[in-house]
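Presented below is the structure to which this report refers.
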Amino acid sequence: MTRMAFDGASRDEDARLLARYADGDREAARVLVARLAPQALNLARRMLGNQADAEDVVQEALLRLWKMAPDWDPGRARVSTWLYRVVVNLCTDRRRRHQPVALPDGWDMADDAPGAAAKMLQTARVAALQGALDGLPDRQRQAVILRDIQGLTNPQIADVMELSVEAVESLAARGRRALKSALGGMRDELGFADD
Amino acid sequence: MNWGLPMTDRRKDLDDAALERLFSAARGSAPPPDAFMARLVGDALGELEAQQGARLSASRRTPARQPLWARLGDWILRGAVPTGLAASAVAGLWLGGWAETAGYFSEASVAASPLAQELSYRFPELAGLLGGY
């Protein structure tokens, strides 16, 4: 899993790239898009369960980033944390406005999944997880996605969600319990019957 | 609590390892479509051009501030002409007053001088020229 834009070592790199962009460096824009967009899109996909809406949200969030680039204060927040926060908020707004549309099977699967059976199983697992995530309360869903799928640490999630680390731990733990309970009845379909 | 999903027996809950495998499957999503990435880069470059255009127009509207030495030079040059005229007028008045007081000339001597006579003779002609007659 790529975490280029979200690991500690890259903290200053995103801010440096953003400063270069604000100074007119077009290549910096391309690099920033490549570093930030895939992770942001994956987050929005999991939050919304819809590719088109997820793309709209990420496009809107990045547009806000470009607009504020000349006034960016590196001491305020990490670029990636700020972007995640905007994506989470935009997704929450969008979910409140309308319920996500049901997705076709395999809507977000990579093409190189090994073998047809394995691919079908993989598709079923992702679809089941997405369905269970959609059923969680907003804050639990956000905490679980940010930690268990996006791979952020609890302090990073606390920054994104503007909560204490303890609150994040509690939300993520409750979310995971709810997912395990909700998905327990699908063991056979998900290939966990023998576990 | 079941979040809209079928209620399951607690004993049949997924374990942590199985849940982690689901998360792992979700992490392996397809990469962003090329067209989408191109759209994002297009947005970034469009916004950059808009910002540069706005900065350019703002710099055209507001003339660049000159350095202090240049502003001081301008101020001195602008004040030199009126200051010089005023100083000349004051000096002329002072010299005239001093010469009259010292007895170098009088009202009558000025009136009788050839220059005064020439001026009085020529003045109507000059006035006519100036008036267009």
Original post:
Under the condition of being closer than 13 Å to B:R39 by Cβ and more than 8 Å from the chain's Cα centre (by Cα), which residue from region A:32-53 is farthest from the other protein chains (Cβ to nearest Cβ)?
Top reply: A:A52
Original post:
A:G24 versus (1) assigned to a helix (DSSP H, G or I); (2) facing chain B (nearest Cβ under 8 Å): which is the lone unmet condition?
Top reply: (1)
**OP:** For residues that are out of contact with any Gly (no Cβ under 9 Å at 6 or more places or on another chain), open to solvent by less than 60 Å² (accessible area, probe 1.4 Å) and either β-branched (V, I, T) or within 8 Å of another protein chain (Cβ to nearest Cβ) (or both), tally how many sit in region B:34-56.
**Re:** 8
Original post:
Taking region B:82-128 only, how many residues are part of a helix (DSSP H, G or I), loosely packed, with under 10 Cβ neighbours inside 10 Å and not acidic (D, E)?
Top reply: 6
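The values are calculated or read from the model by the stated rules, or taken from the named source; none is laboratory data. Computed from a prediction, not measured in an experiment: that's the story for all the values here. Using ideal geometry, Cβ is built from the backbone for each residue, glycine included, and neighbour counts are taken over all protein chains shown. What goes into the accessible areas is simple: the full protein's heavy atoms, side chains included, and nothing from ligands, DNA or RNA. Shrake-Rupley method; radii C 1.70, N 1.55, O 1.52, S 1.80 Å.
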